[in-house]
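J.: One structure follows; several queries about it will come next.
The values are calculated or read from the model by the stated rules, or taken from the named source; none is laboratory data. Computed from a predicted model, the values in this text were never measured in an experiment. All Cβ positions, even for glycine, are placed from backbone atoms using ideal geometry, and neighbour counts span all protein chains on display.
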Amino acid sequence: MTLNDFNASLANAQPPSGLHPVVEALWYDANGNWERAHNIAQSREGTRDYDRLHAYLHRKEGDEWNAGYWYRRAGATVFSGTLDEEWRHLTASFLAK
């Protein structure tokens, strides 16, 4: 699935089937369901991809301290761009996997 296809799917009531769970979480996040996205991030704590998602979600929430913790757990630096840029970066990265 391309990023454009994924973005088009955001108008649907449900995410497309067969998505990587991190991409599914990003779909829910883009559709205003932060809690569902966060539940997915928590489902595999200690896994780099999920911890990276967790960092983004806490940054979006405004909890910079908690976000920093999850960036460190994921072995990533704090994203320096906007939240929208980080969302696009994560979505494109995980769609490519």
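J.: Tell me which of these residue 10 doesn't satisfy, since it passes every other one: (1) more than 11 Å from the chain's Cα centre (by Cα); (2) in contact (Cβ under 8 Å) with a residue 24 or more places away in the chain.
T.: (2)
J.: Follow-up question, since we're still on this one. Consider only pairs whose beta carbons are under 9 Å apart and that are at least six residues apart or on different chains; among these, list those whose first residue lies in the range 41-69 and is under 14 Å from residue 24 (Cα atoms) and in contact (Cβ under 8 Å) with a residue 40 or more places away in the chain and whose second residue is among the aromatic types (Phe, Trp, Tyr) and surrounded by 15 or more Cβ atoms within 10 Å (Cβ to Cβ).
T.: As it stands, the answer is 49/94, since those pairs meet every condition given.
J.: Counting only residues that are over 17 Å from residue 97 (Cα atoms) and either touching a residue at least 40 places away in the same chain (Cβ under 8 Å) or of a type in the set (Val, Ile, Thr) (or both), which one in the range 23-32 is surrounded by the fewest Cβ atoms within 10 Å (Cβ to Cβ)? Write out each step before concluding.
T.: Going through the range 23-32, the residues over 17 Å from residue 97 (Cα atoms) turn out to be 28-32.
If we keep only those that are either touching a residue at least 40 places away in the same chain (Cβ under 8 Å) or of a type in the set (Val, Ile, Thr) (or both) as well, we get 29-30.
Values: 29: 24, 30: 17.
Step by step, filter the range 23-32, then rank; the result is 30.
J.: Just the residues that are modelled with pLDDT of 95 or more, among the aliphatic types (A, V, I, L, M) and not in a helix (DSSP H, G or I), please, taken from the range 53-97.
T.: 76, 78
Results for (1) surrounded by 18 or more Cβ atoms within 10 Å (Cβ to Cβ); (2) touching a helix residue (DSSP H, G or I) at 6+ places or on another chain (Cβ under 9 Å); (3) under 24 Å from residue 13 (Cα atoms); (4) of a type in the set (A, V, I, L, M), shown as yes or no for each residue.
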{"residue": "34", "(1), (2), (3), (4)": "no, yes, yes, no"}
{"residue": "38", "(1), (2), (3), (4)": "yes, yes, yes, no"}
{"residue": "52", "(1), (2), (3), (4)": "yes, yes, no, no"}
{"residue": "55", "(1), (2), (3), (4)": "yes, yes, no, yes"}
{"residue": "58", "(1), (2), (3), (4)": "yes, yes, no, no"}
{"residue": "67", "(1), (2), (3), (4)": "yes, yes, no, yes"}
{"residue": "70", "(1), (2), (3), (4)": "yes, yes, no, no"}
{"residue": "74", "(1), (2), (3), (4)": "yes, yes, no, yes"}
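J.: Determine, yes or no, whether residue 28 is closer than 21 Å to residue 73 by Cα, at pLDDT 95 or above and aromatic (Phe, Trp, Tyr). Before the answer, list the steps.
T.: Working: closer than 21 Å to residue 73 by Cα: no; at pLDDT 95 or above: yes; aromatic (Phe, Trp, Tyr): yes.
Considered against the rule, which asks whether it is closer than 21 Å to residue 73 by Cα, at pLDDT 95 or above and aromatic (Phe, Trp, Tyr), residue 28 comes out as no.
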